[in-house]
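K.L.:
My questions all concern the structure below.
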Amino acid sequence: MALFIQQVLNGIMLGSVYSLVALGLTLEYGILHIPNFAHGALYMAGAYFTFLLATNLGLNFWLAMIIAMAALALIGVLVERVVYRPLMLESPLSSFIAAIGLIFIFVDGALNIFGPDFKRFPPIHTDVFQFLGVTITLQRIIIVVVTVVLIVLLHLFIKKTTVGATIEATAQDREGAQLMGISVNRVRMIVFALGTALASAAAALVAPIHLVYPGMGGPVILKAFVIIILGGMGSIPGAIIGGFMLGVVESLSGGYISTSYNEVFSFGVLVTVLAIRPTGLFGGK
Amino acid sequence: MNRKKRLVFIVSLLCIFGLLVFGPARVAPAETINIGYTGPLSGGAAKYGRNNLEGQEMAVDEINAGGGIQVAGKQYTFKVIALDDRYRPADTVTNARRLVELHKPPFIFCPHSGGILAMLKFNEQENFIIHGYTDNPAILLQGSKLLVKAPMSMGFYNAGVIDLGWKNGWRKGALLCGTHEAGKMAEKTFETLWKEQGGEIVTNAPADYGKVTDYYPYLTKVLAAKPDCIFLYGPSEPSAMIISQARELGFKGGFVLGSQCKLDEMEKVTPLKLISPSTGVCPVGLMPLPLMQEYSKKHMEKFGSIPTSESAFNYEVMYIFTEAMKKAGTTANLNKIMAAIPEVLPVGKHAVRGIHTMTKEGQFLSGYFAMEIAEGKFTQPIDIDPRPWYKKYGATWVPK
């Protein structure tokens, strides 16, 4: 039983990181209509920003995380303005290729600037709690709690503010939104800022229990794709539920069956859900 | 008459053309011998590739600074031509062909088994000797006459470390190795050798060290089987992370660290206090070999870093090649050079890793040191002699 609870907790922790990354990706999908492949590279950039601020400048972890989120939001806006906006009216294929190009720019840039080494974030919240044979560290509790807080804040922002409503409207129908006087360009900027800031937050949260290196975005973004397809492209609740679902499935299948088949199980869930609901869990018709 | 004139004209044109094309080639500086390198110089394995290249460059720069070498009364200097293959065998082949075409190197160095295996398909026809830097004995099974290999086989490198673990009284082992090709082989090596000792493997949780975001699910599974020790094989930093997380989860047992886990690099990520008790391979920089210590100093001056095993071995192999050329009295007859290699071993003060023998397969034998990390400290390195192992298992042993 302790083993089961431990694996579920592990899965929830993993799911939190996946959810945050997938949330940003699903928001961006809503306006780009192609998955932003460069999202993982921005996640990596967020981790490096937080790492450098916390180690080189010796900033407090939370301050480093918030500054990194702001910096990444700015980079997200720039990426949208410089790369995606000129391609807005072109075929989606152009944005698609531009996204791949962005990955190269970010990953090789990081490789040249920071080198290929793995960086270890100084462990900060190292307290370990044990009860009934289950172990959890403070850092992991923080990851889950902050994720939940960010999700609630995002929900309130989208549902309760006018700006949030314009995002939803644009995602649903760009031309309709434009006709209602919504500035689509402004919405695109806000969405990119939000999306990359969320990725940066996920990276900052996971950095202390993980390593920071140029290739760290790849595996996470792959999972995030699975999640947004699983949850329904562009769906916010889909990204959240999908993220936690995938985390728990991975953890339990690894723990009880075989860790070699981790990917098989996560993609297996995807295939099963798509077979029953081709639009994903929360996808519209 | 007219025809004859035209013929003469064409022939003379051909002559001029021939002179232009072949003439300068003959007077080109024949005194430089190009040495090829094809390996990763960009991407994730860039650092590994550079470490390899450093040894080669160090040796070549030293030899050139001393005026080069004399072979059969003629003076030669060296030049390293390095090409990036991004760890891809297909690129290795392209690079090797390009090197042969343009630079005619008698030797090509390559640090990954995939690329080496690909080059072995044509190196005898195209006439170049390969130095394959890999611990995978599969490359020796091709039976190439123009191949040498300095790192010893994975089985031997890990046997000493496994022995130490066994002597610590660990009996129940758990496997948490990488899912890369070498990781899979290490997994089998650990299992075979551990069972040969009489040990037991209680669980296996392979992990893709480059992709895993969190090791807790893996470790939870491993620790539930209550092992005395965990076998790790993969890049150093993620291995160190696994140890940190295992200690968080309350694991008090030991770690048997495979040869890919470099203790000096792991120490930067996880304090030795947490790593102990463990057994692993002694980092090259800590090996109690006087020549190695000297090389460390030189390397520090030139590159600003402690040499890795890659650097040290390639440095020594470069010297073995030059000595063999001198001995054979030729820079072009590769079979003669290969035949001269066993006679020049060890290469005096350049034998930084102490290569003393070459087996018939082209495997160089040297020793290594295993060590224990106990009570937060590195303990005295233990010299592991390769001869008993190679007598018992041979150069091409792979776990079944």
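The values are calculated or read from the model by the stated rules, or taken from the named source; none is laboratory data. Worth saying up front: this structure is predicted, and the values here are computed from it rather than measured. Here Cβ is always computed from backbone atoms with ideal geometry, including for glycine, and neighbour counts include all displayed protein chains. Side chains are part of the model used for accessible areas, which takes the heavy atoms of the whole protein and leaves out ligands, DNA and RNA. Shrake-Rupley method; radii C 1.70, N 1.55, O 1.52, S 1.80 Å.
K.L.:
Looking at B:Lys392, B:Lys336 in this structure, which one is of a type outside the set (Gly, Ala, Ser), out of contact with any Phe, Trp or Tyr (no Cβ under 9 Å at 6 or more places or on another chain) and farther than 26 Å from B:Ile33 by Cα?
P.N.:
Details: B:Lys336 fails: farther than 26 Å from B:Ile33 by Cα.
Answer to the selection: B:Lys392.
K.L.:
Considering only region B:186-199, I want to know if a residue exists there that is under 18 Å from B:Lys262 (Cα atoms), among the charged types (D, E, K, R) and either touching a residue at least 40 places away in the same chain (Cβ under 8 Å) or open to solvent by 20 Å² or more (accessible area, probe 1.4 Å) (or both).
P.N.:
yes
K.L.:
Taking region B:329-349, which residues are in contact (Cβ under 8 Å) with a residue 40 or more places away in the chain and out of contact with any Ser or Thr (no Cβ under 9 Å at 6 or more places or on another chain)? Can you show your working first?
P.N.:
Our first condition is that a residue be in contact (Cβ under 8 Å) with a residue 40 or more places away in the chain; within region B:329-349, this holds for B:329-332, B:334-335, B:337-338, B:341, B:349.
Answer for region B:329-349, where residues must be in contact (Cβ under 8 Å) with a residue 40 or more places away in the chain and out of contact with any Ser or Thr (no Cβ under 9 Å at 6 or more places or on another chain): B:Gly329, B:Thr330, B:Thr331, B:Ala332, B:Leu334, B:Asn335, B:Met338, B:Ile341, B:Lys349.
K.L.:
Still on this structure, please answer the following. Taking the options B:Ala96, B:Ala72, B:Ala90, B:Ala65, name whichever one is of a type in the set (A, V, I, L, M) and in contact with a Phe, Trp or Tyr (Cβ under 9 Å, 6 or more places away or on another chain). Spell out how you get there, then give the answer.
P.N.:
Values: B:Ala72 fails: in contact with a Phe, Trp or Tyr (Cβ under 9 Å, 6 or more places away or on another chain); B:Ala90 fails: in contact with a Phe, Trp or Tyr (Cβ under 9 Å, 6 or more places away or on another chain); B:Ala65 fails: in contact with a Phe, Trp or Tyr (Cβ under 9 Å, 6 or more places away or on another chain).
On inspection, the qualifying residue turns out to be B:Ala96.
K.L.:
Only residues that are under 29 Å from A:Ala47 (Cβ atoms), basic (Lys, Arg) and surrounded by fewer than 20 Cβ atoms within 10 Å (Cβ to Cβ): list them for region A:143-202, please.
P.N.:
Within region A:143-202, A:Arg186 is the sole residue that qualifies.
K.L.:
Right, next: Open to solvent by less than 10 Å² (accessible area, probe 1.4 Å) and under 14 Å from B:Phe190 (Cβ atoms): is that true of B:Asn158 in this structure?
P.N.:
Taking the combined requirement at face value, the residue satisfies it.
K.L.:
Same structure again: Counting only residues that are polar (S, T, N, Q) and touching a residue at least 40 places away in the same chain (Cβ under 8 Å), which one in region B:301-328 is nearest to B:Asn34 (Cα to Cα)?
P.N.:
B:Thr322
K.L.:
Sticking with this structure for a sec: Residues to consider are A:Ala68, A:Ala47, A:Ala64; find the one that is in contact (Cβ under 8 Å) with a residue 24 or more places away in the chain and either closer than 27 Å to A:Gly232 by Cα or out of contact with any Ser or Thr (no Cβ under 6 Å at 6 or more places or on another chain) (or both).
P.N.:
On inspection, the qualifying residue turns out to be A:Ala47.
K.L.:
Within region B:207-216, can you find the residues that are at the interface with another protein chain (Cβ under 7 Å from one of its Cβ atoms), farther than 13 Å from A:Ile209 by Cβ and either crowded, with 23+ Cβ neighbours inside 10 Å or of a type in the set (D, E, K, R) (or both)?
P.N.:
Scanning region B:207-216 gives B:Ala207, B:Lys211.
K.L.:
In this structure, does B:Arg86 turn out to be basic (Lys, Arg), within 19 Å of the chain's Cα centre (by Cα) and at pLDDT 90 or above?
P.N.:
No; evaluated as a whole, the condition is false for this residue.
K.L.:
Taking region A:254-280, which residues are closer than 12 Å to A:Ile227 by Cα and either at the interface with another protein chain (Cβ under 10 Å from one of its Cβ atoms) or open to solvent by 80 Å² or more (accessible area, probe 1.4 Å) (or both)?
P.N.:
Hit for region A:254-280 is A:Val271, nothing else.
K.L.:
Looking only at region B:360-381, which residues are β-branched (Val, Ile, Thr) and either in a helix (DSSP H, G or I) or surrounded by 16 or more Cβ atoms within 10 Å (Cβ to Cβ) (or both)?
P.N.:
B:Ile373, the sole residue that qualifies.
K.L.:
Has region B:237-258 got at least one residue that is open to solvent by less than 60 Å² (accessible area, probe 1.4 Å) and over 30 Å from A:Thr135 (Cα atoms)?
P.N.:
No; the residues of region B:237-258 include none that is open to solvent by less than 60 Å² (accessible area, probe 1.4 Å) and over 30 Å from A:Thr135 (Cα atoms).
K.L.:
On to the next question. Taking A:Ile12, is it surrounded by fewer than 24 Cβ atoms within 10 Å (Cβ to Cβ), under 19 Å from A:Ala224 (Cα atoms) and within 13 Å of chain B (Cβ to nearest Cβ)?
P.N.:
Here the answer is yes, as A:Ile12 does meet what is asked.
K.L.:
Residue check, A:Gln139 against (1) open to solvent by 50 Å² or more (accessible area, probe 1.4 Å); (2) within 12 Å of chain B (Cβ to nearest Cβ); (3) among the polar types (S, T, N, Q), all met but one. Which one?
P.N.:
All conditions are met except number (1).
K.L.:
Further question: Taking helices (runs of 4 or more DSSP H) that do not extend beyond region B:219-318, which have at least 2 residues that are within 14 Å of another protein chain (Cβ to nearest Cβ)? Break it down into steps so the answer makes sense when it comes.
P.N.:
Numbers: elements: B:236-248, B:263-269, B:272-275, B:290-303.
The helices (runs of 4 or more DSSP H) meeting that bar are B:236-248, B:263-269, B:272-275.
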